[in-house]
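The values are calculated or read from the model by the stated rules, or taken from the named source; none is laboratory data. For clarity, every value in this text was computed on a predicted model and none was experimentally measured. Because the Cβ atoms are built from the backbone with ideal geometry, glycine has one as well, and the counts that use them run over all protein chains shown. Protein only, heavy atoms only, side chains kept; ligands, DNA and RNA dropped before computing areas. Shrake-Rupley method; radii C 1.70, N 1.55, O 1.52, S 1.80 Å.
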Amino acid sequence: MAKTSTTTQGLRAAIERSGYYPALVAEAVEAAVGGEPIRSYLVHQETTFDQNEVRRHVTVLVLTGNRFIVSHTDEQAADDTSPTPYATTSTESVKIGRISSVVLSRVVANPEQYQPGTLPREVVLTIGWGAVSRIDLEPAACGDPNCEADHGYTGSSTADDLSLRVSEAGDGPETVRQALAFAQSLSEATADATR
């Protein structure tokens, strides 16, 4: 990535602010972006609890003129394959035209008092490009509570390549704003790609 771009510098600063292996994460993202100018980005650091361990994870989303780039970095504790803790970084590059859906869910407090421009309490950004689909099945039933017949199954298939939840309480208002801006940029880019 060219060091002269304001957006590129902002991305680098956001990666460093996350405090999550910034040199490793930045190198992976820079290699995936190459020399393309960055239109928008989102850096999301998440902490999860796995039994007795605390694990961190960072997702970096980058939009260029032609591509949507996703980078994930996870840390792992020492295990049978490695005597020391280690991190795994992966990047995926998707052509903008392949993105089939951009879903942005907003959660707002006191909706009866909502004023346009008010920051949502949280947002969930779901992006689909056909790499991963999820099928949710459950036993079908009829309206008769005494019925014991087998009605088969009912369900749905959902494109669910990436889902990212950002909240004001957990991530701060600036990250929520960045998620909204990124979702808008990505939606506009996918609309432009279909013209």
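Per residue, how much accessible area does segment 15-126 show when a 1.4 Å probe rolls over the protein heavy atoms, in square angstrom?
57
With springs only between Cα atoms under 10 Å, which of Ala183, Ala31, Ala14 fluctuates most in a Gaussian network model of the chain?
Of Ala183, Ala31, Ala14, the most mobile in the Gaussian network model is Ala31.
Mind listing the phi-derived Karplus ³J(HN,Hα) values for segment 16-32, rounded to whole Hz, using 6.51, -1.76 and 1.60 with θ = phi - 60°, and x for any glycine or proline?
5, 5, 4, x, 10, 6, x, 5, 5, 5, 4, 4, 5, 5, 4, 5, 6
Test of understanding: what is the full-extension gain from Tyr86 to Thr48, defined as 0.36 nm times their sequence separation minus their Cα-Cα distance?
12.0 nm
So what does the Cα-only Debye profile of segment 1-110 read at q = 0.17, 0.24 Å⁻¹, as log10 I(q)/I(0), no solvent term?
Debye output, listed in q order: -0.88, -1.30.
With only alpha-carbon atoms in the gyration tensor, what are the semi-axes of the equivalent ellipsoid for segment 7-69, in Å, largest first?
25, 11, 10
Around Val166, what is the net charge, scoring Lys/Arg as +1 and Asp/Glu as -1 over all other residues with Cβ under 14 Å from its Cβ?
Residues close to Val166 contribute a combined charge of -1.
Quick one: Cα centre-to-centre distance for segment 136-195 and segment 78-135, in angstrom?
10
Of the heavy-atom accessible surface of the chain (probe 1.4 angstrom), what whole percent is carbon and sulfur?
48
Which of these, Ile99, Ile135, Ile69, has the largest mean-square fluctuation under a Gaussian network model of the chain (Cα springs below 10 Å)?
Checking each option, the largest mean-square fluctuation is seen for Ile135.
Rank Asp161, Asp80, Asp144 by mean-square fluctuation in a GNM of the chain with C-alpha springs under 10 angstrom and give only the top-ranked residue.
Asp144
Near Ala179, within a Cβ-to-Cβ distance under 12 Å, what is the net charge of the other residues, with Lys and Arg +1 and Asp and Glu -1?
-1
Roughly how big is the chain's charge dipole about its Cα centre, with Cβ charges of +1 (Lys, Arg) and -1 (Asp, Glu), in debye to the nearest 20?
The calculated dipole for the chain is roughly 1080 debye.
Pull up all non-local amide H partners of Val108: gap of 5 or more, or a different chain, and H-to-H distance under 5 Å with H placed in the peptide plane.
When sequence neighbours closer than 5 places are left aside, the close amide H contacts are Arg121.
Please report the relative contact order for the chain, taking Cα pairs under 8 Å with a sequence separation of at least 6, and give it as a percent rounded to a whole number.
16
Beyond 29 Å, what share of the Cα-Cα pairs of the chain is found? Please give it as a whole percent.
Percent of Cα pairs beyond 29 Å in the chain: 35.
Only helical DSSP H runs with n ≥ 4 go in: add -39500 (n - 2.57) per run for the chain, normalise by residue count and round the 222 nm mean residue ellipticity to 500 deg cm²/dmol.
Rounded to the nearest 500, it is -8000 deg cm²/dmol.
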